[in-house]
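Asker: Once you've had a glance at the structure underneath, I'll fire off some questions.
The values are calculated or read from the model by the stated rules, or taken from the named source; none is laboratory data. Note that the structure is a prediction, hence the values are computed from the model and not measured. So basically every Cβ, Gly included, is an ideal-geometry build from the backbone, and we count neighbours across all protein chains shown. Heavy atoms of the whole protein, side chains included, go into the accessibility calculation; ligands, DNA and RNA do not. Shrake-Rupley method; radii C 1.70, N 1.55, O 1.52, S 1.80 Å.
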Amino acid sequence: MWLTFAAACLASAVVLYAPGYLAGRAVRLGSFGAIAVAPAFSVALLVAMGVLLQAAGIPCPAWALLLGSLAVSLVAYIVSRFAFGNFDAAEKGSELVGGWKMIALYVGASLVITALVFLHAAGDPSAFCRLDDNTLHYSAIRSFIDTGLYSTLFVSGYSTLGDVGSYYPAAWYVATAVVAAFANGSVAIASNAMIVVTCSAVLPIGLAYMLNNLFSGKEKMIILFSGAVLSVAFCGFPWGFVVRGQLLPNLLSFALIPGAMGLLFECARSPKGKAKYAVAFGISFVAVAICQPNGSFTLGIWAVAFGLGCLLCPIGENRCDRPTPKRIALAFSLLVGACLVWIALYCAPPLQSVVSYTWKAFLSPVQALLSGGTFMFSERTGIQPFLTVLVVVGLIRTCKDRRYLWLTAAFLFAFTSWFIGVTAEGAVKHLLAGFWYTDYYRTGAMASLFAIPLAVMGFAWLLKALKEQLAKRLGGSHGVKRASAASAAALLAVMLVVQFFPLHAKVGDSDIRAGLMAVHKQVKSRYSWEKYFTAEEDAFVKKCVDIVPEGAVVANFPNDGSCYAYGIEGLNTFFRRSSPDAFAGPEETGHLIRTALSSVSTSPTVQDAVKESGVQYVLLLDCGSGEDSTVSKLRYKDADWEGIEAINDETPGFTPVLSEGDMRLYRIDAAFE
């Protein structure tokens with residue numbers, strides 16, 4: 001299983017980097033820039049390929065999307081190479097300090113944290129997260145695989161039941177479906193592999209590119225080292241998206257943002273060739289948006305803040321002098337323009353269902369300050385006081401070096417949006433946080449993302465100060481080297497202890513833990529094979545897949561864990577979410593199957609509903625109500641499912657086909673009359 005998972009991780013890296021790297025080189029980016037933004041280019045290519053093939057009515061296996069994207073990007077690269085020749089020499093100034101060793105440091109450090117926090121907690125590479133949103137994610141990915149159609153304009157978890165679907169930002173689903181083709185069709189393994197590669201490669205390499213282009217001079221090396229340490233240190237992002245939802249499309253969307261910002265920095269400082277960076281930034285912006293639209297607003301905030309910073313304190317200057325009246329006027333115009341665009345989009349009819357959505361406030365202002373100030377955010381019970389210290393030091397540094405004050409402005413905006421979201425209700429809350437559904441998990445993730453470079457600055461300053469103090473005491477050239485190693489080791493040790501401290505404390509209803517230990521606990525709980533859809537039930541469903549004829553529909557009670565049966569194992573179930581409204585077909589048909597299926601032998605109306613829906617089998621994973629039942633109460637009412645729950649071995653019209661413990665697969669006799 002772990003070998004399959006390793007292959008899936010390799011496939012994820014190929015899917016996210018191979019087409020995009022060639023495309024990046026085709027638009028004349030340097031080698032490191034092309035690597036850093038390759039995932040954005042790959043995502044854009046895969047989504048475009050899926051839309052075009054479905055529009056042409058051409059179904060294909062998932063791996064064909066990868067080959068098609070590779071072919072397009074390779075042709076573009078060859079044409080560009082012949083048209084412009086070798087352009088590497090012009091890009092030397094933008095290459096990463098430390099080269100491949102620095103990339104290895106970023107990936108290696110992030111992979112260690114990812115292995116500890118995510119893989120160790122999950123325990124099994126084929127385990128999956130038992131949260132409600134995932135029934136949608138897994139079913140949509142499986143539908144792509146089963147239909148051979150991958151258009152984000154027609155996304156549905158019920159495509160095999162005839163549902164046409166509609167637009168959804170499903171770039172994550174498309175990429176994961178391709179990876180699943182190299183993982184024996186396992187959606188769970190492919191999804192886990194994508195999480196690992198996103199957290200250990202996409203985010204950290206993009207961050208390295210961003211920091212490399214933002215900072216200059218002697219401090220760049222220590223800044224880059226600090227970035228490697230802190231890439232995936234915050235609970236809010238990336239881990240908040242892994243343990244909440246899961247919000248995996250948002251995870252990929254936000255992970256692409258640092259790379260896009262790196263392009264913006266290159267565009268601002270490059271004396272010539274700005275067009276290629278502008279084009280690459282535009283492609284990256286689109287990729288962020290098609291992964292999750294709120295990511296484009298997050299990127300927009302950072303980009304506008306940077307633009308204001310450039311106007312008030314030009315990039316590349318060693319110090320920030322008083323801005324001229326012209327620059328002040330331009331900065332004011334940019335700010336007003338950005339606000340007008342924000343308001344226009346806020347009022348746009350297509351976005352009303354998003355901006356009007358409400359996550360109710362639940363913290364007092366004091367509680368919110370304590371929660372957000374320790375980077376716990378919301379009801380997450382992982383405090384990160386060391387990161388608080390780093391961010392505060394970073395904030396102070398930006399006030400002293402105003403070239404980076406825009407980082408503080410963006411962070412304060414994000415923190416304010418989160419703060420108002422968890423403490424208040426009303427129009428201001430929706431105006432500031434509405435593009436993120438007023439979801440404090442998403443606004444907290446945005447604040448965490450914006451805090452990363454501030455924490456990097458804080459860590460670098462503390463590291464430098466500690467190194468200088470130790471060097472004075474040790475003396476000599478050897479003393480300086482020892483001071484560097486000792487100071488880095490000391491700060492890393494403090495951070496790891498604070499992040500992974502094993503003790504915890506009960507405060508009211510909360511179990512307060514060290515930051516990453518809290519994430520580990522949540523991953524372990526959500527990925528448990530003892531919850532809802534157990535290991536035994538999964539094994540039973542695999543047997544059902546072998547028994548049920550292809551195309552036959554299986555009625556089920558989704559709250560017993562079978563809501564995951566289609567997405568995880570491919571069993572063609574009728575109900576794929578723990579909700580009485582989640583099915584394909586006429587409402588009356590679904591209602592009859594839920595509430596009256598047990599009377600199929602005597603009711604012509606029910607028999608008609610069964611024939612119309614194509615249901616031929618019934619799956620029950622928790623017959624009766626024994627002590628060992630693993631049934632979710634999410635949106636559950638007895639009356640909604642009495643027609644399925646009432647079925648047993650003696651019910652007329654149903655023939656037991658497979659029986660193990662309290663698990664049953666029945667064939668509906670009336671379906672064959």
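Asker: Say whether the condition of being touching a Pro at 6+ places or on another chain (Cβ under 6 Å) and either among the polar types (S, T, N, Q) or open to solvent by 10 Å² or more (accessible area, probe 1.4 Å) (or both) is met by at least one residue in the stretch 227-241.
Answerer: yes
Asker: Suppose the filter is open to solvent by less than 50 Å² (accessible area, probe 1.4 Å), hydroxyl-bearing (Ser, Thr, Tyr) and over 18 Å from residue 285 (Cβ atoms); does residue 21 pass it?
Answerer: no
Asker: Residue 561 - would you say it is crowded, with 20+ Cβ neighbours inside 10 Å and either modelled with pLDDT of 95 or more or under 29 Å from residue 118 (Cα atoms) (or both)?
Answerer: The answer is yes for residue 561.
Asker: Given the options 417, 356, 364, name the one that is touching a residue at least 24 places away in the same chain (Cβ under 8 Å) and touching a His at 6+ places or on another chain (Cβ under 7 Å).
Answerer: The conditions single out 356.
Asker: When you look at residue 581, is it outside any loop (DSSP other than H, G, I, E, B) and either on the phi < 0 side of the Ramachandran plot or not polar (S, T, N, Q) (or both), yes or no?
Answerer: No: the conditions fail for residue 581.
Condition check ((1) closer than 14 Å to residue 54 by Cβ; (2) under 15 Å from the mean Cα position of the chain (by Cα)) across all residues:
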{"position": "126", "(1), (2)": "no, no"}
{"position": "134", "(1), (2)": "no, yes"}
{"position": "152", "(1), (2)": "yes, no"}
{"position": "160", "(1), (2)": "no, no"}
{"position": "190", "(1), (2)": "no, yes"}
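Asker: Additional query: Identify the residue in the stretch 583-605 that is touching a residue at least 40 places away in the same chain (Cβ under 8 Å) and within 17 Å of residue 160 (Cβ to Cβ) and, among all such residues, is most open to solvent (accessible area, probe 1.4 Å).
Answerer: The selected residue is 585.
Results for (1) part of a helix (DSSP H, G or I); (2) closer than 23 Å to residue 451 by Cα, shown as yes or no for each residue.
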residue: 272; (1), (2): no, no
residue: 275; (1), (2): yes, no
residue: 278; (1), (2): yes, no
residue: 281; (1), (2): yes, yes
residue: 287; (1), (2): yes, yes
residue: 295; (1), (2): yes, yes
residue: 300; (1), (2): yes, yes
residue: 305; (1), (2): yes, yes
residue: 309; (1), (2): yes, yes
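Asker: Could you tell me which numbered condition residue 370 fails, if it satisfies all but one of (1) more than 24 Å from the chain's Cα centre (by Cα); (2) over 28 Å from residue 505 (Cα atoms); (3) in a helix (DSSP H, G or I)?
Answerer: It is condition (2) that residue 370 fails.
Asker: Please find, among 665, 619, the residue that is open to solvent by less than 10 Å² (accessible area, probe 1.4 Å), in contact with a strand residue (DSSP E or B) (Cβ under 8 Å, 6 or more places away or on another chain) and closer than 23 Å to residue 134 by Cβ.
Answerer: Going through 665, 619 in turn, the sole match is 619.
Asker: Okay, next question. Taking into account only those residues within the stretch 389-401 that are among the β-branched types (Val, Ile, Thr) and buried (at least 20 other Cβ atoms within 10 Å of the Cβ), which is modelled with the highest pLDDT?
Answerer: 391
Asker: I need every pair where a residue in the stretch 642-659 that is closer than 17 Å to residue 562 by Cβ and free of Cβ contacts under 8 Å to residues at least 24 places away in the same chain has its Cβ under 7 Å from the Cβ of a residue that is of a type outside the set (Asp, Glu) and surrounded by 13 or more Cβ atoms within 10 Å (Cβ to Cβ), sequence separation at least 6 or different chains.
Answerer: 656/664; 656/666
Asker: Hey, another quick one. Would you mind stating whether residue 51 is touching a residue at least 12 places away in the same chain (Cβ under 8 Å), over 21 Å from the mean Cα position of the chain (by Cα) and part of a helix (DSSP H, G or I)?
Answerer: yes
Asker: Where in the stretch 402-491 are there helices (runs of 4 or more DSSP H), lying fully within it, with 2 or more residues that are open to solvent by 40 Å² or more (accessible area, probe 1.4 Å) and more than 30 Å from residue 342 (Cα to Cα)?
Answerer: Once the helices (runs of 4 or more DSSP H) in the stretch 402-491 are filtered for at least 2 residues that are open to solvent by 40 Å² or more (accessible area, probe 1.4 Å) and more than 30 Å from residue 342 (Cα to Cα), what remains is 440-474.
Asker: Let me ask something else about it. Can you find a residue in the stretch 166-173 that is open to solvent by 10 Å² or more (accessible area, probe 1.4 Å) and under 14 Å from the mean Cα position of the chain (by Cα)?
Answerer: yes
Asker: Kindly indicate whether any position in the stretch 620-640 is modelled with pLDDT of 95 or more and in contact with a Cys (Cβ under 8 Å, 6 or more places away or on another chain).
Answerer: no
Asker: When the stretch 629-662 is examined, which residues are found to be in a loop (DSSP other than H, G, I, E, B) and either among the hydrophobic types (A, V, I, L, M, F, W, C) or open to solvent by less than 40 Å² (accessible area, probe 1.4 Å) (or both)?
Answerer: Correct list: 630, 631, 632, 634, 646, 647, 651, 653.
Asker: Is at least one residue of the stretch 9-24 in contact with a helix residue (DSSP H, G or I) (Cβ under 9 Å, 6 or more places away or on another chain), at pLDDT below 95 and aliphatic (A, V, I, L, M)?
Answerer: No, that holds for no residue.
Asker: Given the criterion crowded, with 18+ Cβ neighbours inside 10 Å and either at pLDDT 90 or above or over 26 Å from the mean Cα position of the chain (by Cα) (or both), identify the matching residue among 497, 507, 523.
Answerer: After ruling out the rest, the residue left standing is 523.
Asker: What's the number of the only condition in (1) at pLDDT 95 or above; (2) touching a helix residue (DSSP H, G or I) at 6+ places or on another chain (Cβ under 7 Å) that residue 148 fails to meet?
Answerer: Of everything listed in (1) at pLDDT 95 or above; (2) touching a helix residue (DSSP H, G or I) at 6+ places or on another chain (Cβ under 7 Å), residue 148 misses just condition (2).
Asker: Determine if the stretch 354-371 includes at least one residue that is touching a Leu at 6+ places or on another chain (Cβ under 6 Å), buried (at least 17 other Cβ atoms within 10 Å of the Cβ) and of a type in the set (A, V, I, L, M, F, W, C).
Answerer: No, the conditions are met nowhere in the stretch 354-371.
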